[in-house]
1. Taking θ as phi - 60°, what are the ³J(HN,Hα) couplings along the range 12-19 by the Karplus curve (6.51, -1.76, 1.60), each to the nearest whole Hz, with x for Gly and Pro?
2. Based only on Cα atoms, what Rg/Rh ratio does the chain have, Rh being taken as Kirkwood's radius?
3. Report the local net charge at ASP7: Lys and Arg +1, Asp and Glu -1, summed over other residues whose C-beta lies under 14 Å from its C-beta.
4. Tell me, what is the percent relative contact order of the chain, built from C-alpha pairs under 8 Å that lie six or more residues apart?
5. What net charge is computed for the residues neighbouring VAL33, neighbours being all others with C-beta under 14 Å from the C-beta of VAL33, Lys and Arg scored +1, Asp and Glu -1?
6. Taking the full set of protein chains and a 1.4 angstrom probe, give the accessible area of CYS30 in square angstrom, rounded to the nearest 10.
Amino acid sequence: MSHGMEDHECPICGHTMDRMQACHLHCSNCGAVLDCTDKGTFW
């Protein structure tokens, strides 16, 4: 298992989020964005 490369589920719609950078995720389904400030809360 590659640490930090697992799929993350969008907390808004449940869709798999796209990794843009190490601490930046984007949901192509609903447009939600998670960044480093969200880490620990959602992933």
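1. 8, 10, x, 6, 5, 7, 8, 8
2. With Rg and the Kirkwood Rh in hand, the quotient comes to 0.92.
3. -2
4. 27 percent
5. Local charge sum for VAL33: -1.
6. Counting only protein heavy atoms, CYS30 exposes about 60 Å² to solvent.
The values are calculated or read from the model by the stated rules, or taken from the named source; none is laboratory data. Everything quoted here is computed from the prediction, not taken from an experiment. Glycine gets a Cβ as well: all are built from the backbone with ideal geometry, and neighbour counts include every protein chain shown. Note: accessible area is taken over every heavy atom of the protein model, side chains too, but ligands, DNA and RNA are not part of it. Shrake-Rupley method; radii C 1.70, N 1.55, O 1.52, S 1.80 Å.
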